[in-house]
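Heads up, the thing below is written out as structure tokens.
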Amino acid sequence: MKKTADPSEPLRVAVDRLRPGMYVHLELKWLDHPFSFNSFKIRDQKQLDTLLSLGLRDVIYVPEKSDVAPLPPKESPVPMAESSPMLEVDQLALADKKRRIARVSKEREAIQRCEKKFVGVISSVKNLMRNLMARPEESIQAADVLIKEMVESLLADRNIAVHLMNDKIAGEDVYYHSLNVAVLAMMLGREAGLPPEEVSLLGMGALFHDVGKSRIPDKVLLKTEPLNHAERALYRLHCHMGEEIAKQLGLAPRAIDIIVQHHETMNGKGYPQGLQGGKISRLARIVAIVNAYDNYCNRTNPNDSLTPHEALALMYSRERELYDSKLLKLFIKCMGVYPPGSIVQLSNEAVGMVVSINAKQALSPSVLIYDPTVPKEEAIIYDLTEDPDITIVESIRPNLLLREIYDYLSPRKRMTYYFDERTDGAKANR
């Protein structure tokens, strides 16, 4: 009786039956071959020659992902050697892969450096905010120095990378929201071509945009259920309360405009004044976009938060009339359709988490890849600009991930960003 194949077993095919168009999986460690991924579709004869040079007897074949079937079995297959030397060109490819691994190490170092810098910045923000009313002049001076340093870093290098910060570093209080909005607003202002002095004003206004909330009771600010009419009216007073505080602190008029107007909308249905279109300060229009984005991604109840991809999709598809359309499109261009923190599936069906973006090439971010053959602490960070054949095809909600993938990628419950300035001319998202 003919033995039937076990459907639970992977389908193996001898290497002499391979041809371009077949989707295969290599049962090798990632460092033991020159390909970008362990699973891929054989693109051309050159890739096939590289694969054959690895000395494998067979590989796993995935019919449903393949364009073609294997070649017919040979009557007298030539026995494969235990190993065969890779072609010279393949040795070069493997050397290039090792250089890529070195870049991954540098990327990880850049993120760690960025997180260390973020810790220092958020500590400064906390201190100046806590001392704001007790020592106003000192606090505003500290904020001015901080913002100018950030502007200098942003404008010194045109190839800045925005990194996703670790949950253990980011917190849930207003300081993180304020810094997040300031960082993203200044990035957007830079991409909009604002001169340094305007980016500084933008940063100051963004950092203090919610200062009026210090006069709103926590029971309103931290309420996870929808606010009732009275609570909503009280909450909306934070814009005018912020204006009063800002004037006492001596902030510049254009920074105060941001504090008052960051909840105004282009269609005139915002608050507190119901301003419309061009009557809203351009700097306030920038902060309105990034403030809404951060609020969607970081709700008071984390279970209600949207993914970064969902937040941008909602703002563009259903709320476009609320925002300056040119600035919103530019923000999406800067952040990419899949901003840092997005869990994504790639065109080769690999799953990963976007960890950083380059505002100039935001559609090709750096993605931390789930690969059970690679230890979590050494996870591959793949720069999509290196392989135009690999693209992001969709966003995945973290709660839909298999437990082992969720644990490996560790999706962030809070989306917090900071930037890494590069002055050596290297590509910022490598």
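At-a-glance table
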item	result
Residue within segment 309-320 that is of a type in the set (F, W, Y), touching a Phe, Trp or Tyr at 6+ places or on another chain (Cβ under 8 Å), touching a residue at least 12 places away in the same chain (Cβ under 8 Å) and farther than 17 Å from G212 by Cβ present	no
Verdict on A143 being assigned to a helix (DSSP H, G or I), open to solvent by less than 10 Å² (accessible area, probe 1.4 Å) and more than 24 Å from Y271 (Cβ to Cβ)	yes
Condition check for A313: loosely packed, with under 15 Cβ neighbours inside 10 Å and part of a helix (DSSP H, G or I)	no
Filtered residue count, segment 327-351, keeping only those that are open to solvent by 30 Å² or more (accessible area, probe 1.4 Å) and assigned to a strand (DSSP E or B)	1
Of residues in segment 14-68 being among the small types (G, A, S) and not in a loop (DSSP other than H, G, I, E, B), the one farthest from L92 (Cα to Cα)	A14
For N303: the one exception among (1) loosely packed, with under 14 Cβ neighbours inside 10 Å; (2) more than 27 Å from Y338 (Cα to Cα); (3) of a type outside the set (K, R); (4) free of Cβ contacts under 8 Å to residues at least 24 places away in the same chain	(2)
Pairs, first hydroxyl-bearing (S, T, Y) in segment 407-430, second modelled with pLDDT under 65, C-beta under 8 Å, six or more apart	T416/A170; T423/D157
When residues of segment 156-169 are limited to those that are at pLDDT below 85 and under 23 Å from I332 (Cβ atoms), the one least open to solvent (accessible area, probe 1.4 Å)	I160
Which numbered condition K376 fails, given (1) modelled with pLDDT of 95 or more; (2) touching a helix residue (DSSP H, G or I) at 6+ places or on another chain (Cβ under 7 Å)	(1)
Which listed residue is modelled with pLDDT of 95 or more and either outside any helix (DSSP H, G or I) or surrounded by fewer than 16 Cβ atoms within 10 Å (Cβ to Cβ) (or both), from G205, G268, G242, G212	G268
Every residue from segment 352-402 that is under 14 Å from A161 (Cα atoms), open to solvent by less than 20 Å² (accessible area, probe 1.4 Å) and in a loop (DSSP other than H, G, I, E, B)	A359, A362, P365
Checklist (1) surrounded by fewer than 20 Cβ atoms within 10 Å (Cβ to Cβ); (2) over 12 Å from the mean Cα position of the chain (by Cα) applied to D324, failing item	(1)
Any hit, segment 41-48, residues being open to solvent by 10 Å² or more (accessible area, probe 1.4 Å) and either in contact with a Ser or Thr (Cβ under 9 Å, 6 or more places away or on another chain) or touching a residue at least 60 places away in the same chain (Cβ under 8 Å) (or both)	yes
Verdict on D387 being among the charged types (D, E, K, R), touching a residue at least 24 places away in the same chain (Cβ under 8 Å) and over 30 Å from V151 (Cα atoms)	yes
The one condition in (1) touching a helix residue (DSSP H, G or I) at 6+ places or on another chain (Cβ under 9 Å); (2) touching a residue at least 12 places away in the same chain (Cβ under 8 Å); (3) part of a loop (DSSP other than H, G, I, E, B); (4) not charged (D, E, K, R) that P226 fails to fulfil	(2)
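The values are calculated or read from the model by the stated rules, or taken from the named source; none is laboratory data. Predicted model only: the values in this text are computed from it and were never measured. No Cβ is skipped: glycine too gets one built from the backbone with ideal geometry, and neighbour counts run over all protein chains shown. Remember, those area values only see protein heavy atoms, side chains included, never the ligands or the DNA or RNA. Shrake-Rupley method; radii C 1.70, N 1.55, O 1.52, S 1.80 Å.
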